[in-house]
Amino acid sequence: MDFELIYHRFSERSILVEWPSEITENTLKDVLIFKNHLLNSGIKSIVQINNAYNSILIIYDLTIDKINDEISTLKASYSIRVSTNKCAFRHWRIPVCYDDEFGLDLDEISEEKKLSKSEIIRLHSDTIYTVFFIGFLPGFLYLGGLDKRLHFPRKESPRVNIKKGAVAIGGEQTGVYPKASPGGWNIIGNSPLEFFNPKNYTPCFASSGDKIQFFPIDKTEYDAIVSQIENGTYFIERKVIDG
């Protein structure tokens, strides 16, 4: 399926390519196919490609002097793009403690949605989410697929400091804060895992297209995993899946 894409200069050395403004698996698949096609096309002037929900930002090593020519090259590449190999994505199982100590906004969501806290936890952990892209902080996974019954607006007044590992709901999305930071999402739990470690060869373990599923743990299990991570003996559950 070909999408109607929009190409325009983003800066002196970059071009933004945009898909229709929607968050879908089909859009993500096409974004990743085109991204990988360009990365493997041998265009030496391209130094980096970043993707979001429905766009890619292509960064070049030098100023783009003939922008129309470069856009024409990109359009031609899109028309012949192929997924030469099935992408090997991964399915990650992420432990989350939903205890009241961590689930700061569970009561509010429960009251507004007329759902028990145990039902919220069940709905949140039963879903298999898709990693659409990574930002606004390094290691912050933007996850699509949140059950509509859990959609909840962001806070009008963001918190100044959210605990590292906070699992949250913001609008139609869920995600995990990889480090302590300000934020306006609704906190429902906490994961003891490291979502971004610059010392690792791959600082963030997950990539766009991967799947994420949360599973509930109690505080005792949470503390045990924290200790295992500190000792280097905890390994995230995962399996390889075909894209």
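What follows is calculated from the coordinates using simple rules that are stated; it is not laboratory data. What you see is a predicted model, and the numbers here were worked out from it, not measured in a lab. Counting neighbours? That spans all protein chains shown, and the Cβs are built from the backbone with ideal geometry, glycine included.
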Sparse-neighbourhood loop sites, trypsin sites (Lys or Arg not before Pro) in segment 1-100 - DSSP loop, at most 11 other Cβ within 10 angstrom: 44, 66, 86
Sites residue 9 and residue 237 - FRET efficiency at Förster radius 45 Å, r taken between beta-carbons, to 0.05: 0.55
Zone residues, segment 161-195, relative to residue 151, backbone N less than 12 Å from point 7 Å out along Cα-to-Cβ: 171-173
Calculated FRET value between residue 113 and residue 23, using beta carbons and R₀ = 22 Å, to 0.05: 0.55
Segment 6-79: C-alpha gyration tensor shape, a/c 1.5 cut-off, then a/b vs b/c: prolate
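Which links in 164/199; 117/219; 113/155; 44/66; 29/211; 117/163 stretch past 19 Å when you go from one Cα to the other?
Values: 164/199 17 Å; 117/219 16 Å; 113/155 15 Å; 44/66 16 Å; 29/211 13 Å; 117/163 21 Å.
Beyond 19 Å between Cα atoms: 117/163.
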Overall form of segment 170-243 per C-alpha gyration tensor (a/c, 1.5; a/b vs b/c): rounded
Two-site label geometry, residue 16 and residue 49: point separation in nm, points 7 Å out along Cα→Cβ: 1.9
Residue-averaged 222 nm ellipticity for the chain, from DSSP H runs of 4+ at -39500 (n - 2.57), nearest 500: -7500 deg cm²/dmol
Relative contact order, percent, segment 156-243 [alpha-carbon distance under 8 Å, six or more residues apart]: 21
Under-5 Å amide H pairs with residue 140, H placed in peptide plane, nonlocal only: 135
In sequence order, calculated HN-Hα J values of segment 25-41 (Karplus, 6.51, -1.76, 1.60; Hz; x Gly/Pro): 5, 5, 5, 4, 4, 5, 4, 6, 4, 5, 4, 5, 4, 5, 5, 9, 8
Segment 88-242, relative contact order [Cα under 8 Å, separation at least 6], %: 36
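Out of all DSSP beta bridges with both ends in the chain, state the antiparallel percent to the nearest 5. Numbers along the way, then the final one.
Details: 40 of 47 bridges.
The answer is about 85 percent antiparallel.
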The chain: most fluctuating residue of 146, 193, 74 per GNM, C-alpha cutoff 10 Å: 74
Dipole of the chain, positive direction: furthest Cα of 181, 46, 116, with charges on the beta-carbon: 46
Most mobile listed residue (148, 199, 164) in the chain, GNM with C-alpha springs under 10 Å: 199
Max mean-square fluctuation residue, GNM over the chain, Cα-Cα springs under 10 Å, options 198, 95, 158: 198
Cα-based shape type of segment 102-243, given that a ≥ b ≥ c are square roots of the gyration tensor eigenvalues and the cut on a/c is 1.5: rounded
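Can you give the Rg to Rh ratio for the chain, taking only C-alpha atoms and Rh from Kirkwood?
1.01
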Cα-based helix-to-principal-axis angle, 219-231 vs the chain, degrees rounded to 10: 50
